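Structure record follows, encoded as structure tokens.
The values are calculated or read from the model by the stated rules, or taken from the named source; none is laboratory data. Worth saying up front: this structure is predicted, and the values here are computed from it rather than measured. No Cβ is skipped: glycine too gets one built from the backbone with ideal geometry, and neighbour counts run over all protein chains shown. Accessible surface areas use protein heavy atoms only, side chains included; no ligands, DNA or RNA. Shrake-Rupley method; radii C 1.70, N 1.55, O 1.52, S 1.80 Å.
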Amino acid sequence: MVERIFKDEATEEKGERARLASLIGGMAIADLVKTTLGPKGMDKILQSTGRGREVTVTNDGATILKSLHIDNPAAKILVDISKVQDDEVGDGTTSVVVLAGELLREAEKLLASKIHPMTIIAGFRMAAECARNALLQKVVDNKENEEKFKLDLMKIAMTTLSSKILSQDKEYFAKLAVDAVMRLKGSTNLESIQIIKKPGGSLKDSFLDEGFILDKKIGVGQPKRIENAKILVANTAMDTDKVKIYGARVRVDSMSRVAEIEAAEKEKMKEKVDKIIAHGINCFVNRQLIYNFPEELFANAGILAIEHADFDGIERLALVTGGEIASTFDNPESVKLGHCKLIEEIMIGEDKLIHFSGVEMGQACTIVLRGASRHVLDEAERSLHDALCVLSQTVNDSRVLLGGGWPEMVMAKEVDELARITPGKKSHAIEAFSRALIAIPTIIADNAGLDSAELVAQLRAEHHKEGCTAGIDVISGSIGDMVERGISEAFKVKQAVLLSATEAAEMILRVDEIITCAPRKREDRM
């Protein structure tokens, strides 16, 4: 009998069992999110067991998977690819998991008929390459023609939003998103698009504002409106004019001494404020508190002082107004001030906010989302963020495809043809790949409660004609022309889905042993 190598509670699964465990884990995760795919996809409620039992209602694959705590190692790989897809291109987080899950499902059948995993992987590799080339031949690029390109962007935004909560007002939000991204002028940095969520009103009341909005109130007795503002953005303590009773130990022989110390502190504070005023500014934004005394001094000097601006807020404000965040004020000439045309207080719903308009960086804008409840707003923000990500990627890589299951059918057709001319066992794997691709339109149709077998068969027949543009039209429940319907997707998203899913499936197929560590024992502290 061989000695046990591992500690008592460590477990290992070998060969078939290990592979089965990973395949089943991957498929289970794919089945979990596959009902959220497509325009008729449903939402999930995620409830945490932490304090306050936070509830999230979402349709976004990455958000659902991020919130799950999973034991199965293969399932974790799928969660990772959806996270990466979310960071990389923003949309397609569900598709990537579903495709990987379908690949695993097909691979399981192949393994059952005694085909080696490496053969399957080689076949998948060839198929993925072939599918990508098939898409490359079909892409449309309208970068040269500005109007057409803007239309493309609108279509992509509407397609992205149609599977999300914003689908009812998708034209409105698509326009918002396209305007916001067009202002970025090709940068993919979404920092300068700020999204503010204010409960109240309906989603229709959301709007895009070209300035910058800071979610703060203007202090007491200070100018409510400033034109041609010079802004100093700072991160410094403005609360040292009083001795803090709890934080300081001062030994004195009489009460009058305490008063002297207070006076000295006050004097120091006044000097600091004078230094700041010497920059010749009329607006001072601070990350930390500003106490009453310095606030009063600023008000006397006619300077608008904003305290406690959250860190994202001031970083973005500095970025947008073209200033830098300062923390020492001894040499004014070296500090870069921010500029904007007008600062004023505006009301949104019940709240007062500070609005900076005419900022240096023309790229900045703020999207104010209104909605019935916090959950709706959170979900709207996620949806809009997806749309913004996809658009900003498309502005850089302007290749566009049709949507609605069209790209999958195009890829499946090419991959099928490759399978026919490939000799050997690999051809089985390649064929399996094309079946996995067809699963995506199938699921889109299933989620809409349509007869998927019938539709996909029709679609397949259509695709054997030259220059076909047919896809599944979920709204009318039949095969529709994707060009007329204006359903487009970004090439970059599709490519990322294809490659990530294939790689993930490959990785899971390579597994032949799962070893779980023994948990650490707690020592008895008696």
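List of remarks:
- Residue that is nearest to V320 (Cα to Cα), among those in segment 171-213 that are surrounded by 16 or more Cβ atoms within 10 Å (Cβ to Cβ), out of contact with any strand residue (DSSP E or B) (no Cβ under 7 Å at 6 or more places or on another chain) and among the small types (G, A, S): S192
- Selection of segment 175-202 for residues being farther than 17 Å from I213 by Cα and either touching a Lys or Arg at 6+ places or on another chain (Cβ under 8 Å) or in a strand (DSSP E or B) (or both) yields V178, M182, G200, G201, S202.
- Candidates V320, V285 - the one that is closer than 18 Å to E227 by Cβ, assigned to a helix (DSSP H, G or I), touching a residue at least 24 places away in the same chain (Cβ under 8 Å) and touching a strand residue (DSSP E or B) at 6+ places or on another chain (Cβ under 7 Å): V320
- Annotation: L78 fulfils all but one of (1) buried (at least 23 other Cβ atoms within 10 Å of the Cβ); (2) among the hydrophobic types (A, V, I, L, M, F, W, C); (3) free of Cβ contacts under 8 Å to residues at least 40 places away in the same chain; the unmet one is (3).
A quick yes/no check of all residues on (1) more than 30 Å from R17 (Cα to Cα); (2) out of contact with any Asp or Glu (no Cβ under 9 Å at 6 or more places or on another chain):
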{"residue": "G480", "(1), (2)": "yes, no"}
{"residue": "V483", "(1), (2)": "yes, yes"}
{"residue": "E489", "(1), (2)": "yes, no"}
{"residue": "K492", "(1), (2)": "yes, no"}
{"residue": "L498", "(1), (2)": "no, yes"}
{"residue": "A504", "(1), (2)": "no, no"}
{"residue": "L509", "(1), (2)": "no, yes"}
{"residue": "E513", "(1), (2)": "no, no"}
{"residue": "A518", "(1), (2)": "no, no"}
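- Pair list, Cβ under 8 Å, 6 or more apart: segment 147-163 residue modelled with pLDDT under 85, other residue open to solvent by less than 30 Å² (accessible area, probe 1.4 Å) and in a helix (DSSP H, G or I): S163/T36
- Residue within segment 340-355 that is open to solvent by 30 Å² or more (accessible area, probe 1.4 Å) and without any contact (Cβ under 8 Å) to a residue 40 or more places away in the chain present: yes
- So D60, is it of a type outside the set (A, V, I, L, M, F, W, C) and closer than 30 Å to S476 by Cα: yes
- From the list E9, E88, E102, the lone residue that is exposed (fewer than 12 other Cβ atoms within 10 Å of the Cβ) and on the phi < 0 side of the Ramachandran plot is E9.
- Within segment 323-339, the residues that satisfy the criterion of being outside any loop (DSSP other than H, G, I, E, B) and free of Cβ contacts under 8 Å to residues at least 12 places away in the same chain are E333, S334.
- Residue in segment 240-253 that is open to solvent by less than 40 Å² (accessible area, probe 1.4 Å) and either closer than 28 Å to E333 by Cα or at pLDDT 80 or above (or both) present: yes
- The strands (runs of 3 or more DSSP E) located wholly in segment 413-526 that include 3 or more residues which are open to solvent by 50 Å² or more (accessible area, probe 1.4 Å) occupy 513-516.
- Candidate set: segment 17-65, residues that are basic (K, R) and crowded, with 23+ Cβ neighbours inside 10 Å; chosen: the one farthest from N447 (Cα to Cα): R19
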